[in-house]
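So the structure is just underneath, and the comments pick up after that.
Throughout, read-outs are computed from the coordinates displayed, never taken from laboratory work. These numbers come from a predicted model, not from an experiment. Please note: Cβ atoms are built from the backbone with ideal geometry, for glycine as well, and neighbour counts cover all protein chains shown.
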């Protein structure tokens, strides 16, 4: 393979519309005159193109896809599609890419595997790295800012678990502009590919042999920037630990920095690979650490970056922090901005100051008075003495919620004072319709108290290159223009000062809004838990184990008054928070197990230590309750009450908050959730057989495997999304037995269903569900609180079961019947020592099992950093797969997602979504016109929040070509009439127009009742009975259901003989109706479910009791839970062979809900409507 073959590939790309070639031309203007440059011999070639706007585009061609070239292309593509949409100034932007089929390449080529190509919107690199070093050596202040931005880009990569692994000037590109040179990172083909070929610390000889030539075929000067650990790898030194990763990038950037700041002659002649190179690098570090040309802080930092031991180097984030912390000193050495000693000018606005500083109590008098003005000037000048100046590209928008967006956007100068944060813009006056600016005066537009500044605002300061203000002078923004011009003429320049600052790459508006929504929801959950704690006072003395308590409203309100706007809103609105007695009664009514109530001592008006647990006996009105001690406890006279099971919610909320913090730093994942993009790799999975999958399912599995970043799969009922997902995971592991996969779901049932299928497909269990010896180590993790919810056979893979089984296997190999016997006493003694070690190594084995598992199963709530990293491995998962993604809040999704580098979400947004979403949206609606500006602002964001809370669904509703998503449409569960009702009601918006039934039309087998014979869909119309009670149960329907079940012939037991899975399920929206039906059908009590609890399940025969049948003024309001189309979808899509709906048909036929009206119309057309009198004669 050669550049001739690469030229043929380029011509195919440029002349084939499918590859987007019609939008580009070679820089030379002719496809017969190509300018290809060989980057890696025989593998990678780069060409210069122009797009339609004459902008430079780089086209990189990869040959040898069946060999190392395929790894190089896939790795570059994988990284670029993850980072290419971030808009980071130091990272390239992916323009496109794909696989070129062999038949599209002109004859004469030898590469029958086709070729890969990538287009990026970047400039070509400079072949002479000395030119860039010379440029920056002459401009050291700009060099420091550029290095800081490169470190920021690398920190983004490292936080996203991407190491560059080949950083040197030959893999940098640049762009020249009015503000100087912008440098970009490029050439990511060596990043994770190296670790894929060299898994873990066990270096595979074949993989190492394929990687070393890729490095050594570059310009030999790359060796000067190569970290010592990679030098050992290239030399194949004994005990080498591989090609290095994140610390290696730190070392390489340190060499680049030293060359830029100390000049291109620093490196001189670079030795060849060998012992001399090691000495060369040691000498380089010595010269850097003793250099007098460098500021002391910079010399110290570069010395740490150039440490020989990678463990002694700082992380890239620590490099940025050190540069930020010392930047004013460094910049002052290279580019002093204020030699005059004069103070900088800032202008104040009296009216605005009264609305903030005076209102907050920081001024004793209005600034409109002489005394108040004096206080204002003194406050500004004293607070800003020594302040830090930073730049915010979005101004005050992310941090201040009051004011017009365009006004907040302009306030991009941020002054961090001692007690306040000030947002300012350049002062201007409008004269004859034009703005005249005073460049040397900044006018303060917004101010925030430091104590109330958000975490994001503090992060801006910590993550910026800021400059210090020695002094400021405050002036009135309404002073005469002549006076302002005069006073500013000899003052230090704000533009010059701000030019020397730099901000970490800012989040996009979409990214910021996404994070804001997640943090808002965490605050909302925290405030809800806060509101579930009630202050009480004891009423009289305890009577034995019982005691009366009364709600202490005053202490409750006093505590809330010291909290945030969210807390005050929930606590202060009786529509949002029940009285104490009502709350306790409702919580107990929800749980038949009589949940316990935790009593806490009062500590300064706040909840203190837990004093004991009680149960509710009875309530008296809204404020008083009688409690009984669950175990002996001395109830304090004053204290706090809360539900004992809220403790788990607090822990999970902390874990979610931590995951959102990680998500903020993982910009690649964040962008994948906000606006996912994807480019499919080579079709290497097309030959995969896919087990029992066929047709759409087989193609879906292959597509899922080919997508390397974020990918979403919508699986409507019966389309086999669980089978597709489990087969995909099994195929993935079969290709790489060292891969690590995290499989998660919102519920234990869904997770264990998926886990059982995966375990079976990889041979980890036999047909009976018993564990077997397999090539993969699988572990099911759960909290102590939820471990009892794990189902067989997955229980066998919890650490407490895996470790003893592993111990038995080890003992069997050492001392069992098949163990090898040795005559050598020394070997026998070693065996005995090992046996003894096994006997006492249980805790260590627990840790090793978690750390070494290929396959981890954990619910979203259990996928915490503590469980997966602290007690597991810090290595990221190669793939994170989440089932039931549409049911999880995005804060729950974040828990497993932040642990991986590739993500697949599987779910169905047309079924029941996140828990209590309607309650959250009702809360936001209640915020309209609230007197608190912050609260009123939440209402304005409600539509955006709803979109973000439905993260999975939005991936399908957004109209965008090329989005990494897939809709399954072939359903194999329901008979065609049932499926058609579900399709018309809930899936008409699918790309193919609805569901397609591909299952055989098997009958349910019932011969009685006659109205059901040969039918798959029957609606029993209860007419105008109007027997629903309190909207929660309907005795007429309950009696009707019991009559129907008892009329079945042959019996359900007979049908069960040839049925795999459940024969009967009776489902209803309300728990009370479940109880009413169970009372009448005790023999089938286990077959009665609420709709929500039966999601994800199916049965051969399903009876649905709708309950709601009463007239109401508003048709929609009269349906309650059933009005929710997602809940109705779940209820109607569980049946395989027969669906019987029990309810008043006219109520749903004219309810004003399009989905229900479509369902009834389809039921009348495709099924049979039976009057109640025909089923249960009166």
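For a paramagnetic label modelled at 7 Å from the Cα of residue 972 toward its Cβ, which residues of region 702-728 fall within the zone defined by backbone nitrogen distances under 16 Å?
Correct set: 702, 715-728.
With the cut-off at 1.5 for a/c, could you classify region 275-345 from its C-alpha gyration tensor as rounded, prolate or oblate?
oblate
How big is region 1043-1178 by the Kirkwood estimate over distinct Cα pairs, in Å?
Hydrodynamic radius (Kirkwood, Cα only) of region 1043-1178 equals 15.7 Å.
Stokes-Einstein at 37 °C, 0.692 mPa s, Kirkwood radius from Cα pairs: D for region 209-308 in µm² s⁻¹?
236 µm²/s
Which of the peptides 161-170, 384-393, 1119-1128, 853-862 is most tightly packed, and how do the rest follow, going by the mean number of other Cβ atoms within 10 Å of each residue?
Packing proxy ranking, top to bottom: 853-862, 161-170, 1119-1128, 384-393.
Quick one: compute the contact order of the chain, relative version, from alpha carbon pairs under 8 angstrom and 6+ residues apart, as a percent.
Normalised by residue count, the contact order of the chain is 7 percent.
Averaging sequence separations of C-alpha pairs under 8 Å and six or more residues apart, then dividing by the length of region 129-334, give the relative contact order as a whole percent. Could you put the intermediate results ahead of the total?
Values: 261 pairs, mean separation 52.9, N = 206.
Once normalised by length, the contact order is 26 percent.
Tell me, in nm to one decimal, what length is gained between residue 687 and residue 870 on full extension, where the rule is 0.36 nm per residue of separation less the Cα-Cα distance?
Value of the extension gain: 62.0 nm.
For the pair residue 4 and residue 1171, how long in nm is the line joining their label points, each one 7 Å along Cα→Cβ?
Spacing of the two 7 Å Cα→Cβ label points: 8.9 nm.
Ratio of region 272-416's C-alpha Rg to 2.2 N^0.38 Å, to two decimals?
In units of the globular-protein estimate, region 272-416 measures up at 1.61.
What does the convex hull of the Cα atoms come to per residue for region 3-120, in Å³? Intermediate results must be reported in sequence, preceding the final value.
Numbers: hull volume 11.8 nm³, N = 118.
For region 3-120, the hull spanned by Cα atoms encloses 100 Å³ per residue.
Given the C-alpha atoms of region 513-644, compute the convex hull and give its volume per residue in Å³.
On the way: hull volume 15.8 nm³, N = 132.
It comes to 120 Å³ per residue, whole-number rounded.
Using 0.36 nm times the number of residues separating residue 631 and residue 462, minus their current alpha carbon distance, what extension gain do you get?
Length difference between fully extended and current span is 55.8 nm.
Could you check the spin-label model distance between residue 93 and residue 32? Points 7 Å from the Cα along Cα→Cβ, value in nm.
Label-label distance for residue 93 and residue 32, simple model: 3.5 nm.
Compute the length gained on full extension between residue 235 and residue 957: take 0.36 nm times their separation in residues and subtract their Cα-Cα distance, giving the result in nm to one decimal.
Working: separation 722, 0.36 × 722 = 259.92 nm, distance 5.34 nm.
Extra length from residue 235 to residue 957 when fully extended: 254.6 nm.
Convert 4 °C to kelvin, take the viscosity as 1.567 mPa s, use the Kirkwood radius over C-alpha pairs of region 653-914 as Rh, and evaluate the Stokes-Einstein diffusion coefficient in µm²/s, rounded to a whole number. It would help to have the intermediate numbers written out before the result.
Numbers: Rh = 19.5 Å.
The estimated diffusion coefficient comes to 66 µm²/s.
Would you kindly compute the Cα radius of gyration of the chain and its largest Cα-Cα separation (Dmax), both in Å?
34.2, 105
Between residue 613 and residue 1082, what FRET efficiency follows from the Cβ-Cβ distance if R0 is 41 Å, with the result rounded to 0.05?
Taking R0 as 41 Å, the efficiency between residue 613 and residue 1082 is 0.80.
If I model a spin label at residue 325 and residue 130 as a point 7 Å from the Cα along the Cα→Cβ vector, what separation in nanometres do I get?
Computed distance between label sites residue 325 and residue 130 equals 3.8 nm.
Percent relative contact order of region 653-914, based on C-alpha pairs within less than 8 angstrom and at least six residues apart? Walk me through the numbers before you get to the answer.
Working: 400 pairs, mean separation 73.4, N = 262.
Taking the mean separation of contacting Cα pairs over the length of region 653-914, I get 28 percent.
Please give the calculated 222 nm ellipticity per residue for the chain, where each DSSP H segment of at least 4 residues contributes -39500 (n - 2.57) and the sum is spread over every residue; nearest 500 deg cm²/dmol?
-12000 deg cm²/dmol
Report Rg/Rh for region 129-334, rounded to two decimals, where Rg is the Cα radius of gyration and Rh the Kirkwood radius.
0.95
With N residues in region 756-857, what two-decimal value do you get for its Cα radius of gyration over 2.2 N^0.38 Å?
Details: Rg = 15.8 Å, N = 102, 2.2 N^0.38 = 12.8 Å.
Relative to the rule-of-thumb radius for its length, region 756-857 sits at 1.24.
Based on Cα positions only, what radius of gyration and what Dmax would you give for region 418-542, in angstroms?
Every Cα atom of region 418-542 included, Rg and Dmax give 22.8, 81 Å.
Applying 1/(1 + (r/R0)^6) with R0 = 56 Å to the Cβ-Cβ distance of residue 736 and residue 557, what FRET efficiency is obtained, to the nearest 0.05?
The calculated FRET efficiency here is 0.40.
Let's test the formula: R0 of 35 Å, r as the Cβ-Cβ distance of residue 537 and residue 371. What FRET efficiency results, to the nearest 0.05?
Given R0 = 35 Å and the Cβ-Cβ separation, E is 0.15.
Which values of log₁₀ I(q)/I(0), to two decimal places, follow from the Debye formula for region 670-749 at q = 0.14, 0.15, 0.17, 0.26 Å⁻¹ with a uniform point scatterer at every Cα?
Each listed q corresponds, in turn, to -0.52, -0.59, -0.77, -1.44.
Could you tell me whether region 941-1075 comes out rounded, prolate or oblate from its Cα gyration tensor? Rule is a ≥ b ≥ c as square roots of the eigenvalues, rounded for a/c under 1.5, then prolate if a/b exceeds b/c, otherwise oblate.
Working: a/c = 2.59, a/b = 1.46, b/c = 1.78.
Here region 941-1075 falls in the oblate category.
For a distance above 28 Å, tell me the whole-number percent of Cα pairs in region 347-499 that qualify.
15 percent
Order the peptides 1129-1138, 1095-1104, 497-506, 209-218 from the highest to the lowest mean number of other Cβ atoms within 10 Å of their residues.
Working: 1129-1138: 25.8, 1095-1104: 23.3, 497-506: 19.8, 209-218: 17.2.
Highest mean packing first, the order is 1129-1138, 1095-1104, 497-506, 209-218.
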